[in-house]
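Everything below concerns the one structure shown next.
Derivation of every value follows stated rules applied to the coordinates shown; laboratory data play no part. None of the values given here were measured: they were computed from a predicted structure. Positions of Cβ are generated from backbone atoms using ideal geometry, with glycine treated the same way; all protein chains shown enter the neighbour counts.
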Amino acid sequence: MMAHPITIRPMTRADLDWIEAQERLVFTDPWPKSAFKESLGFGGGLNVVAVNGDGQLCGYLCAQVVADEIQIHNIAVTPSMRRRGIARYLMDYAEEHGLEKGVACAVLEVRITNKSAITMYTDRGYQSIGRRRGYYRRPLCDALVLMKILDDSDSGDRQMAETSDGMVS
Ligand SMILES: CC(C)(COP(=O)(O)OP(=O)(O)OC[C@H]1O[C@@H](n2cnc3c(N)ncnc32)[C@H](O)[C@@H]1OP(=O)(O)O)[C@@H](O)C(=O)NCCC(=O)NCCS
């Protein structure tokens, strides 16, 4: 249970200065503001922020529906507001959005060194479907590709087994 009410609303251009500052604070390879502007312009894009009871921004998520999957491109929570369930709330929101759009699964990449994020994803049912070598820069790092089946009515067509080349079978 969260101590303060958190709401999720669409990201706007007015949020981007704060988001850019958070990116620099939180990531070693931050997205530039232009990447968020581009994300706001994508068709099928889900770009949202989390706002606390005082109206202050405390997190954000960017995702995109592509074919039958929702791809989570970015998620962060401001350090002083962590471990209060805000990322869980943002992920619930994105997965619900994907289901409303008729997707079968959610897919994302994460640095293999990012233990807290990997714990968050695996705890909510994401499984490894591959590894992209040298995917991240600053510092160079492999990405784990994680997937969660959201709608298993088609489960015969898509399984989370990892093949020898690290791709979905
Ligand atoms: C990863 C991140 C988004 C989690 O945000 P958060 O709001 O603190 O996460 P939540 O409070 O919703 O936690 C959900 C679950 O994730 C896991 N988790 C989150 N932070 C964790 C940590 N530091 N260590 C271990 N597990 C952690 C836990 O299972 C947690 O559930 P619990 O608190 O009931 O144990 C946040 O740490 C962050 O912004 N990190 C920097 C940006 C980043 O790495 N983004 C992901 C890129 S792929």
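Structure above, values below:
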| read-out | value |
| --- | --- |
| Theoretical gain in end-to-end length, Lys101 to Asp17 [0.36 nm per residue, Cα-Cα removed] | 27.3 nm |
| Rounded FRET efficiency, nearest 0.05, which uses the C-beta distance separating Arg9 from Lys37 and R0 of 25 Å | 0.90 |
| Whether segment 1-103 is rounded, prolate or oblate, judged on the alpha carbon gyration tensor where a/c under 1.5 counts as rounded | oblate |
| Sites Arg83 and Arg137, calculated FRET efficiency, Cβ-Cβ separation with R0 22 Å, nearest 0.05 | 0.20 |
